[in-house]
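*Asks:* Have a look at this one.
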Amino acid sequence: YVNQCGKLICHFPFEWEKSTIDSRFSWLKTGSEEHDPMTEEDYAKFKAHAEALCFDSGAFSSGRLWHFEPKTFIEHLRNCSWMSLDELASTFPKYLFYSSSGNPRTAQKQPASVYSINHAHAKSRIESHYDSLNLSIRKYIGGDKKRMSFFLPQTLLETAQWRDLGGSRRLLHEWGFGRYNSVNPATEYYTVFYGRGIMQLTWAGLYKTYGEYRSFPNHSGSYTDRLHPDAPRLTAVSTHYTAHPDDGGTLFRWSPRFDPDIVAEDSYNACDSGGFYWASKVYKHKMSINRVADEDFTADNVGLINRLVNGGANGYYERQAYSKFIGLYLMDEVNTNTTVSVSPTGKSRIVVDLTKS
């Protein structure tokens, strides 16, 4: 009964309006089966007391008001996972990078032009994708703020903090467009099927699965290659690894399937592909990173999600710091400190700077 009452929205007169005291309480003088009627003298005392508690209600006196239990009302509204541009920009911490060594790891602050960001700049970075990002969250994550606090930090790191690539595009292509480098030797095998989108979809096999899920039409004409436009790596007869050969990947001909660049250069596809990856990732023979995100919001679970998204090492400390910052913001944790310490098992401690962008 109490829970049901807490969900009611009721329409009745303003209780502190002086002019309506008689219409609301004159029944006290008639009595009831349980109570004797109130005498005129007692009613006069009651009315004088009630009038003393009333105040000038202004516009409230013109009609009836809607009443609701505020905590329940706010909890209901917070089931909405859609975030405004300002709200999404508020998930950017001011300091984006952490020291590459030492214990603890701390936020790098100088030079400010490299290591920090303000709110207006954060808005400009996310603006062209915030609608699509919201759609992806609603589709794959839902309204749970803890899940979002695991998901958004990964997108922040994977998109290089949503930085501009140049022109009208955002940095939703992997750095180097899949050029081979010894730091990431897997580039030798995935080449043109490098990371794209907000979760950096990688390997031809995963692109194939995503394209089938979305029913992308076959491509016609030549494929774009951002790295080698004069000698494209993707052609009508080229073959590509489904996954790393050490993990059982095999070669297959890609053509005539879709141009993989549509995953990076269409805002909806870029964000949707990230949600698809998140929801379809297999862990311990079961699908969906949400299964981990539904566990406790701990540094070790953040570390596990880091590994599921990108192997675990790339940007590890930034992902931990972003997760703590965003978790405090989205889950309404009470905190008055300017920094908070995070201690993942087997890793350096992180002093997370909570300064807002």
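The values are calculated or read from the model by the stated rules, or taken from the named source; none is laboratory data. Note that the structure is a prediction, hence the values are computed from the model and not measured. Positions of Cβ are generated from backbone atoms using ideal geometry, with glycine treated the same way; all protein chains shown enter the neighbour counts. SASA here: full protein model, heavy atoms, side chains in, ligands and nucleic acids out. Shrake-Rupley method; radii C 1.70, N 1.55, O 1.52, S 1.80 Å.
*Asks:* Work out, step by step, the length gained on full extension between E127 and L53: first 0.36 nm times the residue separation, then minus their alpha carbon distance; give nm to one decimal.
*Replies:* Value of the extension gain: 21.6 nm.
*Asks:* Ok, one more. At 1.4 Å probe size, with every protein chain present, just tell me what the per residue accessible area of the stretch 258-298 comes to in Å².
*Replies:* 43
*Asks:* So for each of 27-35, 253-261, 230-238, 198-206 I average, over its residues, the number of other beta carbons within 10 Å; can you give me the resulting order with the highest mean first?
*Replies:* For the peptides 27-35, 253-261, 230-238, 198-206, the packing ranking is 198-206, 253-261, 230-238, 27-35.
*Asks:* Hey, another quick one. With no solvent and one point on each alpha carbon, what is the Debye value of log10 I(q)/I(0) for the chain at q = 0.07, 0.13 Å⁻¹?
*Replies:* Taken in order of the listed q values, log10 I(q)/I(0) reads -0.45, -1.04.
*Asks:* Within 10 Å, count the other beta carbons around each residue, average over each peptide in 122-128, 103-109, and list them highest first.
*Replies:* 122-128, 103-109
*Asks:* Here's another thing I want to ask about it. Ignoring ligands, DNA and RNA, what percent of the 1.4 Å accessible area of the chain is carbon and sulfur?
*Replies:* 52
*Asks:* Here's another thing I want to ask about it. Classify the stretch 150-257: rounded, prolate or oblate, from the alpha-carbon gyration tensor (a ≥ b ≥ c, eigenvalue square roots; a/c under 1.5 rounded; otherwise prolate if a/b is larger than b/c)?
*Replies:* It is rounded, given that a/c, with a ≥ b ≥ c, falls under 1.5.
*Asks:* Follow-up question, since we're still on this one. For the stretch 174-275, which GluC sites (Glu not before Pro) pass both filters: DSSP loop (anything but H, G, I, E, B) and at most 16 other C-beta atoms within 10 Å?
*Replies:* Of the GluC sites (Glu not before Pro), not one in the loops of the stretch 174-275 has a Cβ with at most 16 other Cβ atoms within 10 Å.
*Asks:* Related question: Give me the number: length gained by fully extending A236 to L135, i.e. 0.36 nm times residue separation minus the C-alpha to C-alpha distance, one decimal in nm.
*Replies:* 33.0 nm
*Asks:* I want to check the label-to-label distance for E33 and K71. Put each point 7 Å from Cα in the C-beta direction and report it in nm to one decimal.
*Replies:* 3.6
*Asks:* Please work out the FRET efficiency for the pair S288 and Q110, using the Cβ-Cβ distance as r and a Förster radius of 35 Å; give the result to the nearest 0.05.
*Replies:* E(calc), rounded to 0.05, equals 0.30.
*Asks:* Calculated FRET efficiency, S182 and N103, Cβ-Cβ r, R0 41 Å, to nearest 0.05?
*Replies:* Approximately 0.90, to the nearest 0.05.
*Asks:* Another question, then. Which distance in nm do the two modelled labels at E87 and R163 give, with both placed 7 Å along the Cα-to-Cβ direction?
*Replies:* Reported label-point gap for E87 and R163 is 2.9 nm.
*Asks:* Right, another one. Using alpha carbon centroids, what distance separates the stretch 218-251 and the stretch 310-347, in Å?
*Replies:* Comparing the Cα centres of the stretch 218-251 and the stretch 310-347, I get a distance of 37 Å.
*Asks:* Do the sum for the chain: with -39,500 (n - 2.57) for every DSSP H run of n ≥ 4, divided by all residues, what is the mean residue ellipticity at 222 nm, to the nearest 500 deg cm²/dmol?
*Replies:* -10000 deg cm²/dmol
*Asks:* Still on this model: In whole percent, what relative contact order does the chain give with Cα contacts below 8 Å and a gap of six or more residues?
*Replies:* Relative CO of the chain lands at 19 percent.
*Asks:* Given a Förster radius of 22 Å and the C-beta distance between K7 and D332 as r, what FRET efficiency does 1/(1 + (r/R0)^6) yield to the nearest 0.05?
*Replies:* It comes out at approximately 0.60.
*Asks:* Let me ask something else about it. Once you sort the root eigenvalues of the Cα gyration tensor of the stretch 1-97 as a ≥ b ≥ c, which label holds: rounded (a/c under 1.5), prolate (a/b larger than b/c) or oblate (the other case)?
*Replies:* prolate
*Asks:* Show me the ranking of peptides 42-52, 319-329 by mean Cβ neighbours inside 10 Å, starting with the highest.
*Replies:* Going by the mean number of other Cβ atoms within 10 Å, highest first, we get 319-329, 42-52.
*Asks:* Is the shape of the stretch 56-159 best called rounded, prolate or oblate, per the rule: a/c under 1.5 gives rounded, else a/b larger than b/c gives prolate, else oblate, with a ≥ b ≥ c the square roots of the Cα gyration tensor eigenvalues?
*Replies:* Note, shape of the stretch 56-159 comes out prolate.
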